[in-house]
Amino acid sequence: MPKRILPLTDIQVKNAKPKAKEYKLADGGGLYLLITPSGGKLWRFKYRFGGVEKRLTFKTYPEVSLADARHRRDDARKLIANDVDPASILKALKEEKLVAETTFEKVAREWFSKNEPVWSESHCKTVKSRLERDVYPIIGARPIADITRGEVIALIRRVEARGVIETADRIKIYCGQIFRYALNLELITLNPVTDMRDVLSKREAGHHAAITDPKILAGLMRAIDDFDGSFIVKCALRIAPLVFVRPGELRHMEWSEIDFETAQWNIPAEKMKMKTAHLVPLCNQAIDVLKELHPLTGNGKFVFPNYRTGDRPMSEVALLAALRRMGYSKEEMTPHGFRATARTILDEVLQVRPDFIEHQLAHAVKDPNGRAYNRTAHLTERKKMMQLWADYLDSLKAGAKVIPFKEKAA
């Protein structure tokens, strides 16, 4: 005859003290209270299903009272009587709750935090602001597993309707990467952004407007020399075509990174988009500009400080505004466009080796064995290329005969 178990009382449960080893206080019907050496009081329910002994956890006391624990035990016993394993029901409820709590915004912020260490500060700021402005208010609170392809299409077309196709395209890419991250975590079974190439309106190749016609470029170089705005902004404009780095990298240039003896600008990894240190050979013309500017900003941190405070770099819209002031629209030229200008003309007109150009642009360039070049690779050749480029720009300003583009092979 089985041993009769006396039900617990509230006083017994409340006054149960920890011992050197964990022990149990049985209540009957498979319910018991497990007291741990650290003083924890855990409700457990022991039962058999399909010939296998199993256990359920009913959380802790006093979060769950003795009466509540008994109700849970009784509910579980009813399921067993109807040939249903209570553990499977509990698991399904937990999964359902997890899906409901796993919103798009929650997954997106986790994806962002995983990538933040390898992205530049400016890129992080751009991605974060686009998601917070255009994505989270629309689908951020929705369970990521419930979001449909149609919802994502409607979202990016909503952005496109503002006339910013580039931003809409970027948001589509971000969403695709976030859904892929969720897919790898097994939070979803299908990436709804797969194959959306024809969703957005067609746009011209290249994300940033750039002047690639030498004749028009000559006019721009003369306009920069005639710029009558801030001297600091003018110096940044004069440097930009000579180094063709990203605008954010130029704005954050620091005097401590400039080596006048070797004529080099050493950009630390944390400032680069791909978190890899970059070396920019400085041509004679760039050195001259820096020496002109040094008496004005050389005692501070930044080469091109903000006009309000030297503790921050120049505003991200300063160069853009200067180009507009000189009469160049966003469809004609952007600060980022100096990179495309250099890449195109160095290749098509001056016929410099493409890998030298790509390496100087801080793009991913690999050697024949598939290994990434280090920042000093082809340094001698790149120094010559940068001086060649600066001298070519000077010749354009002086009105020299423009070298025609080389003909492409048929």
Amide proton proximity set for Gln264, modelled H, under 5 Å, gap of 5+: Asp259, Leu282
Max mean-square fluctuation residue, GNM over the chain, Cα-Cα springs under 10 Å, options Thr103, Thr189, Thr334: Thr189
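Which of the helices in the chain meet the span-like rule: DSSP H, Cα axial reach of 15 Å or more, Kyte-Doolittle mean at least 0.5? Provide the component values of the computation, followed by the final result.
On the way: long enough: 66-81 (22 Å, -1.02); 86-101 (22 Å, 0.06); 104-115 (16 Å, -1.07); 149-160 (16 Å, 0.18); 165-184 (29 Å, 0.00); 214-225 (17 Å, 0.68); 231-243 (18 Å, 1.84); 284-297 (20 Å, -0.11); 337-348 (16 Å, -0.26); 379-397 (27 Å, -0.69).
Flagged H segments are 214-225, 231-243.
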The stretch 119-193 and the stretch 216-260: distance between their alpha carbon centers, rounded to Å: 35
Selected from Tyr392, Val243, Ala161, residue furthest toward positive end of dipole (the chain; charges at beta carbon): Ala161
Nearest-20 debye value, the stretch 104-184 charge dipole, Cβ charges on Lys, Arg, Asp, Glu: 80
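If one computes P(r) from the Cα atoms of the stretch 104-184, what percent of pairs lie at distances over 21 Å? Display every interim value, and only then the final one.
Values: 723 of 3240 pairs.
Counting pairs separated by more than 21 Å, the tail of P(r) holds 22 percent.
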Where Rh is the Kirkwood radius over Cα pairs, Rg/Rh for the chain: 1.21
Coordinate range along principal axes, alpha carbons of the stretch 214-397, Å, largest first: 49, 37, 29
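Of Cys124, Cys175, how do they rank once you tally other Cβ atoms within 10 Å and put the fewest first? Working shown, then result.
On the way: Cys124 15, Cys175 23.
Arranged by neighbour count, lowest to highest, Cys124, Cys175 become Cys124, Cys175.
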Pairs beyond 31 Å (Cα-Cα), from Lys234/Lys383; Lys172/Lys397; Lys271/Lys384; Lys91/Lys125; Lys234/Lys275; Lys215/Lys301: Lys172/Lys397; Lys91/Lys125; Lys215/Lys301
Mean projection area, nm², convex hull over Cα of the stretch 136-289: 13.2
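Report, please, the projected area of the stretch 251-358 averaged over directions, based on the convex hull of its C-alpha atoms, in nm². Intermediate values should be presented prior to the final figure.
Numbers: hull surface 33.7 nm².
So the mean shadow area of the Cα hull is 8.4 nm².
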Semi-axis lengths (Å, descending) of the ellipsoid that matches the C-alpha gyration tensor of the stretch 3-65: 20, 14, 11
The stretch 52-151: translational diffusion in µm²/s, Stokes-Einstein, Kirkwood Rh over Cα pairs, 4 °C, 1.567 mPa s: 75
The chain - percent relative contact order, Cα under 8 Å, separation 6 or more: 12
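For the chain, with only Lys/Arg (+1) and Asp/Glu (-1) charged at the beta-carbon, what is the dipole magnitude about the Cα centre, in debye rounded to 20? Display every interim value, and only then the final one.
Numbers: 69 positive and 53 negative charges, 420 e Å.
Roughly 2020 debye for the chain.
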Overall dimensions of the stretch 281-339 as given by Cα atoms, namely Rg and Dmax in Å: 13.5, 37
Residue of Ala69, Ala223, Ala210 that the Gaussian network model of the chain assigns the largest fluctuation, springs spanning Cα pairs under 10 Å: Ala69
Gaussian network model of the chain, springs between alpha carbon atoms under 10 Å - residue of Glu358, Glu261, Glu348 with greatest fluctuation: Glu261
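In debye to the nearest 20, how big a dipole does the stretch 214-397 give about its Cα centre with +1 on each Lys and Arg Cβ and -1 on each Asp and Glu Cβ? It would help to have the intermediate numbers written out before the result.
Values: 26 positive and 23 negative charges, 80 e Å.
The dipole of the stretch 214-397 has a size of about 380 debye.
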Mean residue ellipticity (222 nm) of the chain, computed from DSSP H runs ≥ 4 via -39,500 (n - 2.57), nearest 500: -14000 deg cm²/dmol
Charge dipole of the stretch 278-372 about the Cα centre (unit charges at C-beta), most positive-ward option of Thr344, Gly298, Pro281: Gly298
Cα centroid separation, the stretch 285-344 to the stretch 1-64 (Å): 71
The stretch 11-63, relative contact order [Cα under 8 Å, separation at least 6], %: 24
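Read the figures in this text as sums done on the coordinates, not as results from a lab. Bear in mind that the values here come from a model prediction, so they are computed numbers and not experimental data. Positions of Cβ are backbone-derived with ideal geometry, glycine not excepted, and every protein chain shown enters the neighbour counts.
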